[in-house]
Amino acid sequence: MNGTAPTVSILPLVNQLADPERRAEAVRKLALLLQVTTFVIFVEDRELGVPASAVGFPQTLPGGRQWQLFLEECRGKGTHRGHLPWPDRDTTTEARGFASDRDSVLVVLGKEPAPAPLAQLLDFFPLLTVILQAEQHVAIQNAQSLFARNLAHQATELAASLDKSRRAAEREIAARKRAEGEIRRLNESLEERVLERTTALREAIQQIEEFSYSVSHDLRTPVRAIQGFAHLLLGDHGAALPPEAREYLDKIIRASKRMDMLTADVLSYARISKGDVEIQTVNLDELVCGLLSERTVGGKNLDIASVPPLLPVLGHPVLLAQSLANLIDNAVKFSRPGIPPRVRVSSEFRLSGSVRIAVRDNGIGIPQEHQEKVFEMFERLTLERDGTGIGLAIVRKAVERMGGQVGLESTPGEGSMFWIELSKGGV
Amino acid sequence: MIGEEKTILIVEDEENDVFFMRRAMKVAGFRNPLQVVFDGQEALDYLTGVGEYANRERYPMPCLIFLDLKLPRKNGLDVLAVIREDARLRALLVVMFTSSAEPRDVKKAYALGVRSYIVKPSLPESYAETLRELKYYWFELNLSPFHTEASEPFQ
């Protein structure tokens, strides 16, 4: 303490400094008294683990790193002198640091401070440190309680928003349930409608089939009468008739025979379309063997054979026999002029797990553009061959009824391969 | 031939078919008297002796009946059903003679006790052939009630 300087007590200013509201004014007045630019007090509370901060003093210090090093020097040595960036990072100002026993540091910026006020300020410095630390403590607590309040507030808000979204979710679920119920009802009524339509359609189909059945049935009677009488006429009185009349009779007989076949085929098509088809394992070997022997009976010289072993399939013995009979008969019928028909029946497993039964011939073949149509009803490719145009339609219908597929591969002038695919049979 | 004096009843509504049948039976060598009725009801009247059919001198009980399936008034299956229910008629030999090869019809006919089911042939030659076979079976191979003197099952 310098006794020569006018002794002005700085106590009121220190008091004022302790009051955060009047602190800025006190700093200004004290700096004036000290004849320095300004001063900063750094407080560090190690107990609370709070880093150094200039409580109540300029919050942002230019060139933070340099200040930090300066403060460390002060704490290490008690006092330190140097230059610090102030009031901005491009200007340096002379600085003096004084550390207190509680790691607080007073940094005076500017030229040599007036010794007497500095000595007084340093006397009050420990007390000031306690006050500032307390202030810092309170600030922290306030901050903490603010944080807690904020947290509580946020928690409440969160809870409220959770509640809100829960209610929204409930509303959503309820809406969805309503929608689901609506969809279910629609589905049910749709199913009902589909069922109704299906039933109506099935009935219509059944009626059509009944119709075609009874029409063909009733048609057969007069046709057979025409056939019968024409035969009788030719047989009993043929000799008495002129050749032209016999020729006409022949035409009547042929036409009525065709008509009879046609009605018979429509009948069997209708029969296949009707009723349940019980699917069972069919021994294809036996079935084809029977079909082949029927066709070669009486020493007929036909080159038709199976390629053993024929694999068992799932089907209906009667439907399958009729289908294969139609395919084999076609294969024989549609042979090339001058080339005896050669027919082979074989079977193989397909990748799909089903069995393909193939009927191969060396006949006239079917042009590509007609291959799609041959399975259609009344579709005939040649005029000169006997046929009703129903044989392959019967095959397709029968195979459909057995849950299988039909198809063909053919090269005109070389031959055809008609195939039927059915599920493989049990052993 | 034993039984050739016995009457055969034909139930057939189609005149042409009756014609073919008569002719075929002649060709096949049947000598039995033939009676023809044109519908199912008339067939039942004949068999149960209703009205003029009560005269058994004129309308004897048949030893064999050829029954068509599709008939006016009562069809063949109806006739079979009545015959089956009637103890006096049950022993009658009924052969279905029809153009229907429907599995459904075949099944029903057998369920109603038909003795045989023949599909009408389409040509006169086959008609004769079929009836020749029938004659051989029913009158020569098969032993029927009318083969024995003691049997007069239809009285």
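Since every read-out is calculated from the coordinates, none of them should be taken as a lab result. Note that the structure is predicted; figures quoted are calculated from it, not measured. Every residue, glycine among them, receives a Cβ derived from its backbone with ideal geometry; neighbour counts consider all protein chains shown.
Annotation note: trypsin sites (Lys or Arg not before Pro) in region A:98-202 located in DSSP loop regions with a Cβ neighbour count of at most 16 within 10 Å are A:Arg102, A:Lys111.
Ordering A:Thr91, A:Leu71, A:Pro341 by Cα displacement along the dipole of chain A toward the positive end leaves A:Thr91 in first place; charges were set at the Cβ atoms of Lys, Arg (+1) and Asp, Glu (-1).
Might you report the magnitude of the Cβ-based charge dipole of the protein assembly as shown about its Cα centre, with Lys and Arg at +1 and Asp and Glu at -1, to the nearest 20 debye?
With Lys and Arg at +1 and Asp and Glu at -1, about 860 debye.
Once you divide the Cα radius of gyration of region B:1-111 by 2.2 N^0.38 Å, the number left is 1.03. Under the convention that each Lys and Arg Cβ holds +1 and each Asp and Glu Cβ holds -1, the size of the dipole of region B:1-63 around its Cα centre is about 440 debye. Each residue of region B:39-46 was assigned a 3J(HN,Hα) from its phi angle through the Karplus curve 6.51 cos²θ - 1.76 cosθ + 1.60 (θ = phi - 60°); the sequence is 8, x, 5, 5, 4, 5, 4, 4 Hz, with glycine and proline shown as x.
Could you state the number of Å between the C-alpha centres of region A:189-268 and region A:124-172? Centre-to-centre (Cα) distance: 99 Å.
Here the label points at A:Arg184 and A:Glu414, each 7 Å from Cα along the C-beta direction, are separated by 6.1 nm in the simple model.
Across the alpha-carbon set of region A:201-288, the Rg to Rh ratio works out to 1.21, Rh being the Kirkwood radius. For the options A:Leu195, A:Leu314, A:Leu13, a Gaussian network treatment of chain A with springs between C-alpha atoms closer than 10 Å singles out A:Leu13 as fluctuating the most. Positive end of the dipole of chain A (Cβ unit charges, origin at the Cα centre): among A:Thr38, A:Val223, A:Ala264, the Cα lying farthest that way belongs to A:Thr38.
Between 0 and 90 degrees, the angle of helix A:243-273 with respect to the longest Cα principal axis of chain A falls at about 30 degrees.
Distance between the modelled labels on A:Asp88 and A:Lys164, one decimal in nanometres: 4.6 nm (7 Å Cα→Cβ projection). If both residues of a DSSP beta bridge must be in the protein assembly as shown, then about 70% of such bridges are antiparallel.
If packing is taken as the average count of other Cβ atoms within 10 Å, what order do A:115-122, A:85-92, A:255-262 fall into, highest mean first?
Values: A:115-122: 19.4, A:85-92: 13.6, A:255-262: 17.5.
Order by mean packing, descending: A:115-122, A:255-262, A:85-92.
Just give me a number: lysine pairs in chain A, eight or more positions apart or cross-chain, with C-alpha atoms less than 22 Å apart. Number of lysine pairs found: 11. Remark: mean inter-chain Cβ contacts per residue of A:220-233 equal 5, using a 10 Å Cβ-Cβ cutoff to other protein chain atoms. Which is the longest part of chain B that has none of the GluC sites (Glu not before Pro) sitting in a DSSP loop with at most 11 other Cβ atoms within 10 Å? Result, exposed sites excluded: B:58-148. If only the Cβ of Lys and Arg carry +1 and only the Cβ of Asp and Glu carry -1, the dipole of region B:1-150 around its Cα centre is close to 300 debye. Ranking B:Leu134, A:Ala148, A:Ala245 by Cα position along the charge dipole of the protein assembly as shown, where only Lys, Arg, Asp and Glu carry charges on their C-beta atoms, puts A:Ala148 farthest toward the positive end. Calculated FRET efficiency, A:Thr198 to A:Ser423, Cβ-Cβ distance, R0 = 25 Å: about 0.50 to the nearest 0.05.
Can you give the alpha-carbon Rg of the protein assembly as shown over 2.2 N^0.38 Å, where N counts its residues?
Relative to the 2.2 N^0.38 Å estimate, the protein assembly as shown comes out at 2.36.
Between helix A:115-237 and chain A there is an angle of about 10 degrees, using the helix long axis and the longest principal axis of the Cα atoms. Expressed as a fraction of 2.2 N^0.38 Å, the C-alpha radius of gyration for region A:69-223 is 3.12.
Annotation for region A:236-283: GluC sites (Glu not before Pro) lying in DSSP loop with at most 10 further Cβ atoms inside 10 Å of their Cβ are A:Glu278. Computed extension length for A:Lys300-A:Thr221: 25.2 nm, one decimal, from 0.36 nm per residue of separation with the Cα-Cα distance subtracted.
Helical content of chain A, expressed as a calculated mean residue ellipticity at 222 nm, amounts to -19500 deg cm²/dmol (DSSP H runs of 4 or more residues, -39,500 (n - 2.57) each, divided by residue number, nearest 500). Treating r as the C-beta distance of A:His237 and B:Glu129 and R0 as 22 Å, the FRET efficiency rounds to 0.55. Around A:Val318, with a cut-off of 12 angstrom between Cβ atoms, what is the net charge of the other residues, counting Lys and Arg +1 and Asp and Glu -1? Residues near A:Val318 contribute +1 overall.
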